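The values are calculated or read from the model by the stated rules, or taken from the named source; none is laboratory data. Since we're looking at a predicted model, the values are computed, not measured. Virtual Cβ from ideal backbone geometry, glycine too; neighbours counted across all protein chains shown. In case anyone asks, the SASA skips ligands and DNA or RNA and just uses the protein heavy atoms, side chains included. Shrake-Rupley method; radii C 1.70, N 1.55, O 1.52, S 1.80 Å.
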Amino acid sequence: MSYTVLIVESDPATQLSLADIVATCDYSPLITSNGQDALRLAKAENPAMMLLALILPDMDGFDVARQMRRDSSLPLLVVTSRTSEVDRICAF
């Protein structure tokens, strides 16, 4: 049985890198580049976990995480280049 990992990342090169890592670990990557699609796919596809970027074109990754937490206990792993302590704390 192969589990799906939802990758939410707007940068195409990072999408491919994450998808390669996920596939190497025998998971099926499902990729989107925006928050609205992420919320829709999370509900429709029931992935095992979500890799979530904070910088997205349509909404902030923190907003995606907040909405996910209202409706789901899906594991979220924040993937970001942000380095501030505040961002790290908020990501928890």
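Considering (1) farther than 19 Å from Leu74 by Cβ; (2) assigned to a loop (DSSP other than H, G, I, E, B), say which one Leu56 fails and leave the rest. The single condition Leu56 does not satisfy is (1). Candidates are the residues of segment 34-64 that are farther than 21 Å from Pro12 by Cα and in contact with a helix residue (DSSP H, G or I) (Cβ under 9 Å, 6 or more places away or on another chain); the one that is most open to solvent (accessible area, probe 1.4 Å) is Lys43. If the condition is being among the β-branched types (Val, Ile, Thr) and within 16 Å of Leu76 (Cβ to Cβ), then segment 1-30 contributes Thr4, Val5, Ile7, Val8, Val22. Within segment 65-92, can you find the residues that are surrounded by 14 or more Cβ atoms within 10 Å (Cβ to Cβ) and at pLDDT 75 or above? Selection gives Ala65, Gln67, Met68, Ser72, Leu74, Leu76, Val78, Val79. Looking at the structure I just gave you, is Ile31 β-branched (Val, Ile, Thr), open to solvent by 30 Å² or more (accessible area, probe 1.4 Å) and in a loop (DSSP other than H, G, I, E, B)? No; evaluated as a whole, the condition is false for this residue.
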